[in-house]
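Bear in mind these aren't lab numbers, they're just calculated from the coordinates by the rules spelled out. These numbers were taken from a predicted model, which means no experiment stands behind them. Here the Cβ positions follow ideal geometry from the backbone for every residue, glycine too, while neighbour counts run over all protein chains shown.
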Amino acid sequence: MLPAFSLAEGYDSMEKSLEIVIVDDEEPITELLKSFVMVASKSAHVHTFTDSGKARDFLLRNNVDVLITDYKMPKYNGLELLEVVPSDVKKILISGYVSEIAEEKLQKMNAVFFEKPVPIKKLSKIILEQEKVAV
């Protein structure tokens with residue numbers, strides 16, 4: 001006798017997870033953002049980093065769908081991290097230092113900018129949009 005097979009089970013296992021990287025040198029912020037992303041997305045696989053060097057190494061070696069990064073951090077700033085990912089990655093830069101960020105550069109990189117505190121509803125909308133694109 002053959003084992004029972006559910007089409008729903010097979011379908012679920014084939015769904016692509018949304019690979020999301022969150023980088024901020026303040027761990028409470030990365031954990032808070034991760035919590036919000038996990039609530040917003042059914043398929044998110046979230047990687048958090050408080051060390052921008054380790055995040056950069058990960059980004060260079062792995063495919064990601066969304067990069068959410070703080071701007072001002074030791075080693076590499078958020079713009080430098082945005083520059084290492086392919087153009088098809090959804091880029092979100094967050095910061096409390098608005099005046100230091102070149103808006104023109106963000107536009108060229110097709111990046112979204114949010115001032116801290118991050119507007120969670122807008123972030124959730126972007127994550128849901130990317131989830132639809134990834135499927």
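Approximating the spin labels as points 7 Å out from Cα along Cα→Cβ, the LYS121-to-GLU26 distance works out to 2.3 nm.
Return the whole-Å distance between the Cα centroid of the range 40-88 and the Cα centroid of the range 18-39. Cα centres, the range 40-88 to the range 18-39: 11 Å.
Each label was represented as a point 7 Å from its Cα along the Cα-to-Cβ direction; for VAL112 and MET38 these points are 2.1 nm apart.
Based on Cα contacts under 8 Å between residues 6+ apart, the chain shows a relative contact order of 25 percent. Given that just one value was derived from the coordinates, which of (1) 1.22; (2) 1.15; (3) 1.08 is Cα Rg over 2.2 N^0.38 Å? Label (2) holds the value from this structure.
Please compute the length gained on full extension between ARG61 and GLU83, using 0.36 nm multiplied by the number of residues separating them and subtracting their Cα-Cα distance.
6.5 nm
Say a paramagnetic label sat at a point 7 Å from the Cα of LYS54, along Cα to Cβ; which residues of the range 77-118 have their backbone N under 20 Å from it? Flagged as within label range: 77-82, 84-85.
Fewest first, what order do TYR76, TYR97, TYR71 take by the number of other Cβ atoms within 10 Å? Please report the intermediate quantities before stating the final value.
Details: TYR76 18, TYR97 12, TYR71 21.
With the fewest neighbours first, TYR76, TYR97, TYR71 line up as TYR97, TYR76, TYR71.
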